[in-house]
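A.B. asks: Before we start, here is the structure in question, set down as structure tokens.
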Amino acid sequence: MRKYIFIKIALLFGFCATGQNFDPEYQQSPTNQGIHNQHQQGFGQTDPHHQTHDEAEEEREYREEPKEEIITYKQAEGFTLGVNLEGPINTISDNKQTSISFNTRINISEYIFFHGEIGFQNVNFEKSEYHYDSNGTFIKAGFENDILKKRERGLNDNLLIGIHYGYAFQQHGASHINFENEYWGDYSSSLSTYSLDTHWIELSFGPRIEIVKNFYIGWHLHLKATIFTNNRYDLNPYFIPGYGNGDSSVNAGFSYKLEYMIPWSN
Amino acid sequence: MRGVIKCLIFSFATTLLISCSPNDMCLSNQHNLQAGIYSARAKEDKDSTLTSSTVYGLELEEDSLYRNESISYLYLPLSFSSNTTAFVIENNNLKDTIWFSHEKEEVYISRECGFAFNFTLDSMWHTKTFIDSVAIDYPYINYGEDIENAKIYIY
């Protein structure tokens, strides 16, 4: 678990370091710089003794009501192809599972994206209580809104909030179940592999940062809630592909995505 | 925007805390039938004690559950491979045997704890050396429950 926390913290700091220019307020906008320079000229180069009354009045207005105008530049639009590193990262801390998923994000309008993801997951472990196997795939589709409306020229970072529908199909079973009885002796049984479907709704929130031209990195917080499962047996999935802990009807999680954008407008 | 970044870091930390929450506590010996010892002479149920008693499973004399102890309450593990479990109670060189007939049901507990059996007690019968009678109080022996299932009335 410590290794898991360390990796996640390391990723957080890595993304924060990359995202130093993520904050548009951190840098002066061209318009603000213009106003700033104008102020400097007014104070530094004009002799107050030679000012007319109108000029002095104008300068007072500048001092009292500085007008701030932020210019919004259109961001690049297109579609992205990406990979979600959540599965490989989780495998480092929990070697019971291997998973990978791929995503796409398509501009519907400047600030609205269609987001789709498809992935695979395999879970296999043997512990004293039971041996478990699962193979499954999932698909997610939804929409994301970029709430970072005001931006500088060339800044294509996003702050995305989204809603998705998720569906997972998997086959799982317990090839060996052990019932421990220290007095009369242990008992064992098994549960044959069977198929089940799970449907869920997912909310997501997080930044996406352009680290080089058309190449993005992002991490998202996900909140997921199961809405339907057709699991006929008592055995809950250890992991539901794309969803997480099969024992829980609500899950929180993170995704870490690398994406390459193929632009159709700039 | 600084506020948004702080919010993101906070949400990240919150999720770390969620992911670090402790695993489910797995309970052991949840297949034990619980039986209280009562006096057969009292008009209402009154706890009684068997002094210097030994309890073991039938044909498991060498592996006693209680040995030369004062007993007023018994935890008796049920067998997984048989539908009947029997125990011998020895008290001052006197012996009685109690049989419990039961059904078992396999239940999934959690991904950490795996599976367990829940039992339903069907009937119980006994020899009558110092045991007067027996009664089923609560027939279900379920994982996570801590309830007296049977009463043993002694002379």
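The values are calculated or read from the model by the stated rules, or taken from the named source; none is laboratory data. On a predicted model such as this, the values are computed, not experimentally measured, just so you know. All Cβ positions, even for glycine, are placed from backbone atoms using ideal geometry, and neighbour counts span all protein chains on display. Remember, those area values only see protein heavy atoms, side chains included, never the ligands or the DNA or RNA. Shrake-Rupley method; radii C 1.70, N 1.55, O 1.52, S 1.80 Å.
A.B. asks: Of all residues in region A:181-201, which are more than 11 Å from every other protein chain (Cβ to nearest Cβ) and loosely packed, with under 15 Cβ neighbours inside 10 Å? It would help to see each step written out before you state the result.
C.D. replies: First pass over region A:181-201, keeping only residues more than 11 Å from every other protein chain (Cβ to nearest Cβ): A:192-201.
Scanning region A:181-201 gives A:S192, A:T193, A:Y194, A:S195, A:D197, A:H199, A:I201.
A.B. asks: Out of B:S123, B:S101, which single residue is within 21 Å of A:F179 (Cβ to Cβ), of a type in the set (G, A, S) and at pLDDT 95 or above? Give the derivation first.
C.D. replies: On the way: B:S123 fails: within 21 Å of A:F179 (Cβ to Cβ).
Every option except B:S101 fails the conditions.
A.B. asks: Inspect region A:168-180 for any residue being part of a strand (DSSP E or B), within 18 Å of the chain's Cα centre (by Cα) and surrounded by fewer than 17 Cβ atoms within 10 Å (Cβ to Cβ) and give the result as yes or no. Talk me through it step by step, then tell me what you get.
C.D. replies: Within region A:168-180, the first condition is being part of a strand (DSSP E or B), and the residues that meet it are A:168-179.
Then keep just the ones that are within 18 Å of the chain's Cα centre (by Cα); that gives none.
No: region A:168-180 contains no residue that is part of a strand (DSSP E or B), within 18 Å of the chain's Cα centre (by Cα) and surrounded by fewer than 17 Cβ atoms within 10 Å (Cβ to Cβ).
A.B. asks: Also, I was wondering about something else. Is there a residue in region A:242-254 that is more than 8 Å from every other protein chain (Cβ to nearest Cβ) and out of contact with any Ser or Thr (no Cβ under 9 Å at 6 or more places or on another chain)? Step through it out loud before you land on a result.
C.D. replies: First pass over region A:242-254, keeping only residues more than 8 Å from every other protein chain (Cβ to nearest Cβ): A:242-244, A:248-251.
Those still in the list that are out of contact with any Ser or Thr (no Cβ under 9 Å at 6 or more places or on another chain) too: A:244.
The answer is yes, given that some residue of region A:242-254 is more than 8 Å from every other protein chain (Cβ to nearest Cβ) and out of contact with any Ser or Thr (no Cβ under 9 Å at 6 or more places or on another chain).
A.B. asks: If I filter region B:87-107 down to residues being closer than 30 Å to A:N236 by Cα and open to solvent by 30 Å² or more (accessible area, probe 1.4 Å), which single residue comes out as nearest to the other protein chains (Cβ to nearest Cβ)? Reasoning before the result, please.
C.D. replies: Here is the first cut: in region B:87-107, the residues closer than 30 Å to A:N236 by Cα are B:102-107.
Checking the rest, the ones that are also open to solvent by 30 Å² or more (accessible area, probe 1.4 Å) come to B:103-106.
Numbers: B:E103: 14, B:K104: 9, B:E105: 9, B:E106: 7 Å.
Taking the candidates together, the pick is B:E106.
A.B. asks: Within the group B:S70, B:S53, which residue is part of a strand (DSSP E or B), away from chain A (no Cβ under 11 Å) and exposed (fewer than 13 other Cβ atoms within 10 Å of the Cβ)? Working first, answer last.
C.D. replies: On the way: B:S53 fails: exposed (fewer than 13 other Cβ atoms within 10 Å of the Cβ).
The unique qualifying residue is B:S70.
A.B. asks: Turning to a different aspect of this structure: Against the condition out of contact with any helix residue (DSSP H, G or I) (no Cβ under 6 Å at 6 or more places or on another chain), without any contact (Cβ under 8 Å) to a residue 40 or more places away in the chain, β-branched (V, I, T) and surrounded by 13 or more Cβ atoms within 10 Å (Cβ to Cβ), how does B:I136 come out, does it pass?
C.D. replies: When the stated conditions are applied, B:I136 passes them.
A.B. asks: Also, quick follow-up: Of everything in region A:130-147, what is open to solvent by 10 Å² or more (accessible area, probe 1.4 Å) and either of a type outside the set (A, V, I, L, M) or outside any strand (DSSP E or B) (or both)? Give them in sequence order.
C.D. replies: Just the residues of region A:130-147 that are open to solvent by 10 Å² or more (accessible area, probe 1.4 Å), to begin with: A:131, A:133, A:135-141, A:143, A:145, A:147.
The answer is A:H131, A:D133, A:N135, A:G136, A:T137, A:F138, A:K140, A:F143, A:N145, A:I147.
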